[in-house]
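Student: Below you will find the structure I want to go over with you.
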Amino acid sequence: MLQIMYISTGACAPEDIAQILTVSRANNRRDSITGLLYADDRRFLQVLEGPEAAVERAFARIGADSRHRAVVVLSRRTIDAREFGDWAMAHRTPGLESDALIALIAQRLETASPNVRATFEGFAKIRRAA
Ligand SMILES: Cc1cc2nc3c(=O)[nH]c(=O)nc-3n(C[C@H](O)[C@H](O)[C@H](O)COP(=O)(O)O)c2cc1C
């Protein structure tokens, strides 16, 4: 299975996010993709997990979506088991649960390149300020 984690920039209204989630949940269920979509008022952070070809296809569609920009892949790795399955493309906003989520992501990025870590840390800082 393939796991892709990215962050992007985009200020979406709540109704845009609701629409993204409706389409995503239907497509991802069809394609056996799970993960999560975290959104605050400035950024998205998403994890996609599932069969390699399906994840690549979904990520190509997402990358071409004009509702966000500056998509930066934090990590792309092969996994044996789903790591974010419990969240099942749930939508998270800043709060206590999100702190646990951010900690889990930080743990997954321990071996990431300094560049990737710096990008993620920038994201976490913005989130704390939100
Ligand atoms: C931040 C963000 C996250 C998205 N996540 C997903 C996703 O997990 N799965 C998905 O199919 N589409 C996702 N989309 C929507 C896709 O960009 C695209 O609009 C959609 O897949 C098209 O689906 P359709 O061909 O069934 O209309 C996301 C869009 C944005 C802006």
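The values are calculated or read from the model by the stated rules, or taken from the named source; none is laboratory data. These numbers were taken from a predicted model, which means no experiment stands behind them. Positions of Cβ are generated from backbone atoms using ideal geometry, with glycine treated the same way; all protein chains shown enter the neighbour counts. We work out accessible area using only protein heavy atoms, side chains counted, and drop any ligands, DNA or RNA first. Shrake-Rupley method; radii C 1.70, N 1.55, O 1.52, S 1.80 Å.
Student: Restricting the range 81-130 to residues that are charged (D, E, K, R), surrounded by 15 or more Cβ atoms within 10 Å (Cβ to Cβ) and closer than 28 Å to R25 by Cβ, which is modelled with the lowest pLDDT?
Tutor: R92
Student: Does the range 57-68 include one or more residues that are in contact with a Gly (Cβ under 9 Å, 6 or more places away or on another chain), of a type in the set (F, W, Y) and within 23 Å of E110 (Cβ to Cβ)?
Tutor: Scanning the range 57-68, I find no residue that is in contact with a Gly (Cβ under 9 Å, 6 or more places away or on another chain), of a type in the set (F, W, Y) and within 23 Å of E110 (Cβ to Cβ), so the answer is no.
Student: In this structure, does I62 turn out to be of a type outside the set (S, T, N, Q), at pLDDT 95 or above and under 27 Å from D80 (Cα atoms)?
Tutor: Here the answer is yes, as I62 does meet what is asked.
Student: In addition: Of all residues in the range 29-43 being surrounded by fewer than 22 Cβ atoms within 10 Å (Cβ to Cβ) and within 8 Å of the ligand (Cβ to nearest atom), which is farthest from N115 (Cα to Cα)?
Tutor: Out of the qualifying residues, it is D31.
Student: Could we say that Q19 is within 21 Å of A81 (Cβ to Cβ), modelled with pLDDT under 95 and either open to solvent by 10 Å² or more (accessible area, probe 1.4 Å) or more than 10 Å from the ligand (Cβ to nearest atom) (or both) here?
Tutor: No: the conditions fail for Q19.
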